[in-house]
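Okay, so here's the structure we're looking at.
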Amino acid sequence: MTNNELIWRIAGGSGDGIASTSQNFAKALMRSGLDVFTHRHYPSRIRGGHTYTEIRASAEPVKSRGDGYNFLLALGDSFARNPKEGSVYGNEEIKPLSENLDELHEGGVIIYDSGLLDASEIDDFDARVEENNWHVYDIDLRTMAREQGREVMRNTAGVGATCALAGIELEWIEELMTDAMPEKILEPNLEILHNAYNKVLDEYDVDEHDVKVPEGSHDEEQVLLSGSDAIAYGSLDEGCRFIAGYPMTPWTEVFTILCQNLPKVGGISEQVEDEIAAAALAIGASHAGVKAMSGSSGGGFALMSEPLGLAEMTETPVVLIEAMRAGPCTGMPTKPEQGDLEHVLYTSQGDSHRVVFAPGTVAEAYTQTRRAFEIAYEYQIPSIILYDQKLGGELVSVPASVLDEEPNPSLGSTLTEAELADAPHDETGKYSRFQHDVEDGVSPRSIPGQKGGRFLATGNEHTPEGHIEESPANRVAQMNRRLQKKEAIRADLAAQSESHQTYHGPDEATYGLMTYGSSQGTVEEAVDMLTDEGYSVKSLGVSDMAPYPVDEVSEFIESVDEVLVVEMNATAQFRGLTQKELGQYGEKLSSLLKYNGNPFEPLDITEGFKTKIVEDGELSGPETKFVPAAGD
C-alpha cells in the first residue's frame, strides 16, 4: 500500500445506483492509466439498506482493498425504511455517512449530499472532523439533480464534485459516459457533471487537502474484470456450450453472464426450478456430448450432492461452480466467507472423488476455470471451481492478454467411430465403457449416437459395459480404477509449465504466510509491508484443493520456521485440510481467522503476524482470532 493513491468510497442505499456509478468511475480511472481494485459491501435487500463500493486507484500495482480509505462520497439512503432513530434498524437514511467514518484516514475528504443528509444528526460529527482533520464539503447534490429532471443524477453530480476535489480530468469521465449512456440521458448527465465540477472549483479551495489522484500509465491494454467475469469467459473460451442453474447470491453473476453470452456462440442456457434439476441437466448435456456446467452457492450446492455422486459413478465430466457466502443456512448471503471448503471437498456419497480449484485472483479464475474443464473432460470427473463473494464481485484492472488463450473445443478422452470399431465390446455388442485395466484410470467414453458406442450408464456399481454388478472383485477393480485418476491428475498438474500455487516474497525468508482463494492478494500486500519493515517473511497461495499439492506445500512449510495460515472462516478449514494431508507439520501451523462478514485488510494480517509469530501474544480486538499450532 502506498500513500500516493486515491481510495474513494461511494455510499448510499441499495437501489441508488452505487454499483453502476462506481463501476463506471473505476473504468474511467483505469483508462487514465491507473491500476484499480474495487471492494463491494451491500445488504441482503433489493432496495434500501446501507451499501458502498470502494475504489482503490494507484500508479503502482494493487492486489487488495486498502487499509481504510481517504475519500468519501456519501449520498444517503433514498430507500430508507424508517428514518427514525428508534426503529429496529435505526436511522437508515443517515447511515451512508454515519457508518463510514471509522475507516476514513486522517486528513481525508468527505462530500455529503446535504439535500438528503443532515450531519447534525450525528452527535459527535463536528468533534471527529476536527480531531481527524477531515475536509468536509456539504453540497446539495439532490437539488442539482432535480433541476436536471432526474434525482438519480445526483450520483453524476457527486462524481463531478469528486473530480474537482481530487484533480481528476473530466475527459476520462466524459469518454466513459459517452460509451455507456444512451443519447437521451447523456446530455443532461454531462451537463450536471460539469455543473457540479465548476461549482466546487468556484466555491471551494480544492488545494486545502492532500487527497489527489495519482498519475499513471499502462504498458499494455487493460480490462476491468471481476472473478465472475473471468470464470464465465474462461468457460466460454474452453468450449462450454451449456449451463443450467437457479439464481442464488453470489453465484448468480456467473450464471447471468453466461446466459447473456452462450446464445451468441450457439450455446444453450436454462434457468430451472431448483439446483437438483440444474446439476442433473448439466450432467445430461455432458453425457450427450457437449461441455456443460452448473453451479450455485452453499445452500443450492448442497442440493447438488446427489447429482454430483451420479457424475462420479457414471464418470460423466461436468464443471460445477460453488460461490461461498457466510453460513450456515442463509447466513449472510451478500458477505464474503470461506466456510464451504469442507462442504465442497466431502459432499456426495461414499468414497467420492472430484477436482477442486480455488483461484486467488481474477487472472487465476480465468486460467483455472479452463483447466477445470480440461481435466474434467480428459479424466471424466467432476471439477469444481470454489470462490467467494469477494473474488466474484471485486473489479480489478488486469492486462487484456490474460484472456488471450486459444479456444479449446475438445471433448477430451472420447473415441471416434473408427476407434470404437477396434475397442472392446461384450457379446451383445455393448461397448466396454468402464474397462478395469486402463492407463491413468481413464476408460475412453463414447457419445450417444455413435456406431459401436452403446453402453449402460447407471448410478449403481457396474460391469465394464454398465450392467449392475456387486461382486467384490468388480467393486474393488472399479473403485481402484476411479481412484487412480487422482494420482494421474496430480502428476498432470505438477507437470504443467505454471503451477496453480502462487509464491511471493524472498525465497530464503524465515517465516511463512499461507492462504487460499480470495485472500491471496491481501496476504501478498501484507508480505510487502512486513518486508519493508524488516521482517523476513514470504507467502504461498494454494489453489489446488483436490488433489492437494502435497509436494509443493511440504517444501514451503519445510523452508520456514513457522507458518501463519490466513483464511475467512471460524473453524480453520484450510489449515485442517493441510494437516489432514501433511499431519507431520501440525506444530508449525497456526491460524489467523476472520469471519465477521468483511474481508481481510493488509493491516489485519501484518498485525496478526507481529502479534502471533514475532511476539507470541494474543490478539486483543474482535475482528480476527488465532488458533494455535497443534503443539502449543
Report task. Could you please find all residues in the range 122-133 being touching an Asp or Glu at 6+ places or on another chain (Cβ under 8 Å) and at negative phi? Result -> Asn132
Report summary line: If you go through Gln389, Gln368, the only one that is over 18 Å from Phe600 (Cβ atoms) and either within 21 Å of the chain's Cα centre (by Cα) or modelled with pLDDT of 95 or more (or both) is Gln368
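Report, by residue number, each residue of the range 494-507 that is over 22 Å from Gly576 (Cβ atoms) and buried (at least 18 other Cβ atoms within 10 Å of the Cβ). Lay out the reasoning, then the answer.
Kept after step one, since they are over 22 Å from Gly576 (Cβ atoms), are these residues of the range 494-507: 494-499, 503-507.
Those that are over 22 Å from Gly576 (Cβ atoms) and buried (at least 18 other Cβ atoms within 10 Å of the Cβ): His504, Gly505.
Restricting attention to the range 311-332, does a residue exist that is among the charged types (D, E, K, R) and not in a loop (DSSP other than H, G, I, E, B)?
Checked against the condition, which is being among the charged types (D, E, K, R) and not in a loop (DSSP other than H, G, I, E, B), the range 311-332 yields at least one hit.
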Report task. Enumerate the helices (runs of 4 or more DSSP H) found wholly within the range 362-447, keeping only those where 2 or more residues are closer than 30 Å to Gln222 by Cα, among the aliphatic types (A, V, I, L, M) and touching a strand residue (DSSP E or B) at 6+ places or on another chain (Cβ under 7 Å). Result -> 362-379
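Return the residues of the range 523-569 that are of a type in the set (Gly, Ala, Ser) and either modelled with pLDDT under 95 or in contact with a His (Cβ under 9 Å, 6 or more places away or on another chain) (or both); say none if nothing qualifies.
Here is the first cut: in the range 523-569, the residues of a type in the set (Gly, Ala, Ser) are 526, 534, 536, 539, 541, 543, 546, 554, 559.
Ser539, Gly541, Ser543, Ala546, listed by residue number.
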Query raised in the report: Of (1) in a loop (DSSP other than H, G, I, E, B); (2) surrounded by fewer than 23 Cβ atoms within 10 Å (Cβ to Cβ), Pro359 satisfies all except one. Which?
Result: (2)
Requested in this report: Mind telling me which of the residues Arg9, Arg65 ends up being touching a strand residue (DSSP E or B) at 6+ places or on another chain (Cβ under 8 Å), assigned by TED's automatic domain parsing to the domain that holds Leu193, in a loop (DSSP other than H, G, I, E, B) and among the basic types (Lys, Arg)?
Outcome: Arg65
Report task. Can you tell me which residue among Met304, Met332, Met313, Met324 is modelled with pLDDT under 95 and of a type in the set (A, V, I, L, M)? Result -> Met332
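Would you pick out the residues in the range 295-324 that are out of contact with any Leu (no Cβ under 6 Å at 6 or more places or on another chain) and closer than 13 Å to Leu386 by Cα? Before you say what the answer is, go through the steps one by one.
Taking the range 295-324 as the starting set, the residues that turn out to be out of contact with any Leu (no Cβ under 6 Å at 6 or more places or on another chain) are 296-321, 323-324.
Of everything in the range 295-324, those that are out of contact with any Leu (no Cβ under 6 Å at 6 or more places or on another chain) and closer than 13 Å to Leu386 by Cα turn out to be Ser296, Ser297, Gly298, Phe301, Val319, Leu320, Ile321, Ala323, Met324.
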Report summary line: Filter the range 32-49 for residues that are within 21 Å of Val362 (Cβ to Cβ) and in contact with a helix residue (DSSP H, G or I) (Cβ under 7 Å, 6 or more places away or on another chain); the one that is surrounded by the fewest Cβ atoms within 10 Å (Cβ to Cβ) is Ser32
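Consider the range 484-518. How many of its residues are aromatic (Phe, Trp, Tyr) and touching a Leu at 6+ places or on another chain (Cβ under 7 Å)? If you could, list the steps in order and put the result at the bottom.
Of all residues in the range 484-518, those aromatic (Phe, Trp, Tyr) come to 503, 511, 516.
Those still in the list that are touching a Leu at 6+ places or on another chain (Cβ under 7 Å) too: 503.
Looking only at that region, the number is 1.
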Query raised in the report: Name the residues in the range 62-80 that are surrounded by fewer than 24 Cβ atoms within 10 Å (Cβ to Cβ) and closer than 19 Å to Arg45 by Cα, would you?
Result: Ser78, Phe79, Ala80
Query raised in the report: Out of (1) modelled with pLDDT of 95 or more; (2) surrounded by fewer than 23 Cβ atoms within 10 Å (Cβ to Cβ); (3) more than 35 Å from the chain's Cα centre (by Cα), the odd one out for Asp118 is which?
Result: (1)
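Is there a residue being touching a Gly at 6+ places or on another chain (Cβ under 6 Å), closer than 14 Å to Asn100 by Cα, crowded, with 20+ Cβ neighbours inside 10 Å and not small (Gly, Ala, Ser) anywhere in the range 10-31? Break it down stepwise before answering.
Restricting attention to the range 10-31, the residues satisfying the condition of being touching a Gly at 6+ places or on another chain (Cβ under 6 Å) are 13-14, 18.
Restricting the remaining residues to those that are closer than 14 Å to Asn100 by Cα gives 13.
After this cut, where a residue has to be crowded, with 20+ Cβ neighbours inside 10 Å as well, the list is 13.
Narrowing the set further to residues that are not small (Gly, Ala, Ser) leaves none.
No, the range 10-31 contains no residue that is touching a Gly at 6+ places or on another chain (Cβ under 6 Å), closer than 14 Å to Asn100 by Cα, crowded, with 20+ Cβ neighbours inside 10 Å and not small (Gly, Ala, Ser).
When you scan the range 168-184, how many residues do you find that are surrounded by fewer than 16 Cβ atoms within 10 Å (Cβ to Cβ) and at pLDDT below 90?
Here the count works out to 5.
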**Report entry** Matching residues in the range 466-482 - criterion: being surrounded by 11 or more Cβ atoms within 10 Å (Cβ to Cβ) and of a type in the set (Asp, Glu)
**Finding:** Glu469
Report summary line: Scanning the range 269-302 for residues that are out of contact with any Pro (no Cβ under 8 Å at 6 or more places or on another chain) and polar (S, T, N, Q), the one surrounded by the fewest Cβ atoms within 10 Å (Cβ to Cβ) turns out to be Ser296
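Please work out if Asn155 is buried (at least 18 other Cβ atoms within 10 Å of the Cβ), within 25 Å of Gly12 (Cβ to Cβ) and not hydrophobic (A, V, I, L, M, F, W, C). Quick ask: steps written out before the conclusion?
Numbers: buried (at least 18 other Cβ atoms within 10 Å of the Cβ): yes; within 25 Å of Gly12 (Cβ to Cβ): yes; not hydrophobic (A, V, I, L, M, F, W, C): yes.
Judged against the criteria, Asn155 is a match.
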Requested in this report: From the list Thr334, Thr314, Thr330, Thr369, pick out the single residue that is in contact (Cβ under 8 Å) with a residue 24 or more places away in the chain, of a type outside the set (A, V, I, L, M) and within 22 Å of Met479 (Cα to Cα).
Outcome: Thr314
Query - Within the range 209-230, considering residues that are in contact with a Gly (Cβ under 8 Å, 6 or more places away or on another chain) and under 28 Å from Thr334 (Cα atoms), the one surrounded by the fewest Cβ atoms within 10 Å (Cβ to Cβ) - result: Ser226
Requested in this report: Of all residues in the range 31-51, count the ones that are closer than 14 Å to Gly597 by Cα and either of a type in the set (S, T, N, Q) or modelled with pLDDT of 90 or more (or both).
Outcome: 5
**Report entry** Identity of the residue in the range 601-615, in a helix (DSSP H, G or I) and of a type in the set (D, E, K, R), that ends up surrounded by the most Cβ atoms within 10 Å (Cβ to Cβ)
**Finding:** Asp604
Requested in this report: Kindly check whether there is at least one residue in the range 131-140 that is part of a helix (DSSP H, G or I) and either of a type in the set (Ser, Thr, Tyr) or at pLDDT 95 or above (or both).
Outcome: yes
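Restricting attention to strands (runs of 3 or more DSSP E) lying wholly within the range 482-600, give those where 1 or more residues are of a type in the set (Lys, Arg) and on the phi < 0 side of the Ramachandran plot. Break it down stepwise before answering.
Values: elements: 502-504, 511-516, 537-542, 544-546, 562-567, 589-593.
In the range 482-600, the matching strands (runs of 3 or more DSSP E) lie at 537-542.
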Query raised in the report: Inside the range 133-166, can you point out the residues that are hydrophobic (A, V, I, L, M, F, W, C), touching a strand residue (DSSP E or B) at 6+ places or on another chain (Cβ under 8 Å) and over 16 Å from Val211 (Cα atoms)?
Result: Ile139, Leu141, Ala157
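Of everything in the range 45-74, what is of a type in the set (A, V, I, L, M, F, W, C) and more than 20 Å from Lys335 (Cα to Cα)? Give them in sequence order. So that I can check it myself, show each step before the final result.
Residues of the range 45-74 that are of a type in the set (A, V, I, L, M, F, W, C), as a first pass: 46, 55, 57, 59, 62, 71-74.
Ala57, Ala59, Val62, Phe71, Leu72, Leu73, Ala74 - these are the residues of the range 45-74 that are of a type in the set (A, V, I, L, M, F, W, C) and more than 20 Å from Lys335 (Cα to Cα).
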Query raised in the report: Within the bounds of the range 539-557, is there any residue that is more than 25 Å from Ile385 (Cα to Cα), surrounded by 24 or more Cβ atoms within 10 Å (Cβ to Cβ) and in contact with a helix residue (DSSP H, G or I) (Cβ under 7 Å, 6 or more places away or on another chain)?
Result: no
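What residue, of Thr458, Thr531, Thr510, Thr463, is in contact (Cβ under 8 Å) with a residue 24 or more places away in the chain, surrounded by 17 or more Cβ atoms within 10 Å (Cβ to Cβ) and outside the structural domain of Gly66 (by TED's automatic domain parsing)? Show your work before the answer.
Numbers: Thr458 fails: surrounded by 17 or more Cβ atoms within 10 Å (Cβ to Cβ); Thr531 fails: surrounded by 17 or more Cβ atoms within 10 Å (Cβ to Cβ); Thr510 fails: surrounded by 17 or more Cβ atoms within 10 Å (Cβ to Cβ).
It is Thr463.
The values are calculated or read from the model by the stated rules, or taken from the named source; none is laboratory data. Predicted model only: the values in this text are computed from it and were never measured. We place every Cβ from the backbone using ideal geometry, glycine too, and count neighbours over all the protein chains shown.
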